[in-house]
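The next block holds one structure in the form of structure tokens; read it before the comments.
The values are calculated or read from the model by the stated rules, or taken from the named source; none is laboratory data. What you see is a predicted model, and the numbers here were worked out from it, not measured in a lab. No Cβ is skipped: glycine too gets one built from the backbone with ideal geometry, and neighbour counts run over all protein chains shown. Ligands, DNA and RNA are excluded from the accessible area calculation, which covers all protein heavy atoms including side chains. Shrake-Rupley method; radii C 1.70, N 1.55, O 1.52, S 1.80 Å.
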Amino acid sequence: MTKFYELSTADRLAQLRTEGAIEDDDLRILSDEPALPTAVAANMVENQIGNFPVPLGLADHFVIDGEKLRVPMAVEEPSVIAAASNAAHRIARAGGFRTSVHRDGITAQIVFTGIAEDFEVLRTFVHEHEVEIRKVARDAHPSLETHGGGLRKISVVKSAEGFAQIDLLIDPGDAMGANVVNTIAEVVARYCADRLDGFDLLMAILSNDTENQRARSEARIDFDNLPTRDMDGVEVARRIVAAARFAEISPLRAATHNKGIMNGINAAVLATGNDTRNINAAAYADLNEQRRTWTKWTIDEERCQLVGRIDISLPLGSVGGAISTLPMAKLSLKLLHNPDTERLMGIVASVGLASNLSAMRALVTRGIQEGHMNLQFKSLAMSAGARPEELERVVAGLRADPAHASLETAANLLTQLRNTLK
Ligand code: MEV
């Protein structure tokens, strides 16, 4: 049977339609109709003049907590989806990813300045008015509790230099929650400031440091599923563990190692209409000199397996905002079987782990350029107009003389090929 990645785009859509993964309306969004109608886009940003499409692809072969998935990814870098699929395939052969998620809210800070001994006044005020503060928060967003969310915890914190803050831990339900949390924070801040004579309210805003929203995923790969043409699987596994360790001790390497993880995470986050800046801010806020990356790779000698784990702050949502406005985001979630937010976090963390594995496997064996160049040649051949059955021959021609690979060369190779077949 022809593999998913070997099909043309039209045939892939036909297969998804046959499988029942998409319906006729979805087909229209994916092919003819503009994926983002001007009426929607014009109301999303200021001064809108057009849209900026990037390719949407499906990373194949994911098995996550026993469920088979093709994960939508929106990304311009040619190798990212191929890399994630390749790693997911190796991981699926040992049972797939196992995830766990911890998600109990977003912290908002209500910040006061010029606080000295009167910190105790602030603390006592919050203690004595807790019931009213909870009511003010509830009234600011009455539907939140019906969606399973709400204000979970209030703490009063004294910081250096006369700053003090009231921290609100707010569960946003299945939404990412920035709007809900900021609305509640501003209303509670005003309620407190109006009753705290002489206290200077500086601001009220959520924190993107979301240590309370973590996703973990574990992947195992049998040594037998790791070899390359010139290296056996045990050796590849050991070299991957060494590469991962080097990222933990070298800040220069950690930056690139983490970029490889973010290749997958950002593409999946963007495809689902989530806020990529928020995800990056949260994930990087978690790192420091003791913890330079989110992944860890070890060897399980007994089971002859390479074991990878990711533990990352991932403040995602599965409803609300752009997720509910962008037709493509809704479609991506449908392709993921409409996960709730916890499930989506586990899926996205798994994509990050897969991307990391693929990058390291390439780096510690033949290097990444071979794969990258093949994709680059394929893209040149397609831009020159090669049909699927002509691709391989044109790519081979480009590969034979990489220094002169260009659109012009691809077009010449295509003409030669068609002439010889006449
Ligand atoms: C390229 O987009 C990402 C890599 O550099 C990641 C890595 O080095 O681990 C291949």
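Some observations on this one:
- Spans of strands (runs of 3 or more DSSP E) in the stretch 133-223 with at least 3 residues open to solvent by 30 Å² or more (accessible area, probe 1.4 Å): 150-158, 200-206, 213-222
- Of the residues making up the stretch 235-257, those that are away from the ligand (no atom under 13 Å from the Cβ) and open to solvent by less than 10 Å² (accessible area, probe 1.4 Å) number 2.
- Residue within the stretch 47-56 that is within 24 Å of Gly367 (Cβ to Cβ) and within 16 Å of the ligand (Cβ to nearest atom) present: no
- Some residue of the stretch 209-219 being on the phi < 0 side of the Ramachandran plot and free of Cβ contacts under 8 Å to residues at least 12 places away in the same chain: no
Residues are listed down the side, and each one gets a yes or a no for (1) in a loop (DSSP other than H, G, I, E, B); (2) charged (D, E, K, R):
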| site | (1), (2) |
| --- | --- |
| Pro34 | yes, no |
| Glu46 | yes, yes |
| Phe52 | yes, no |
| Gly57 | no, no |
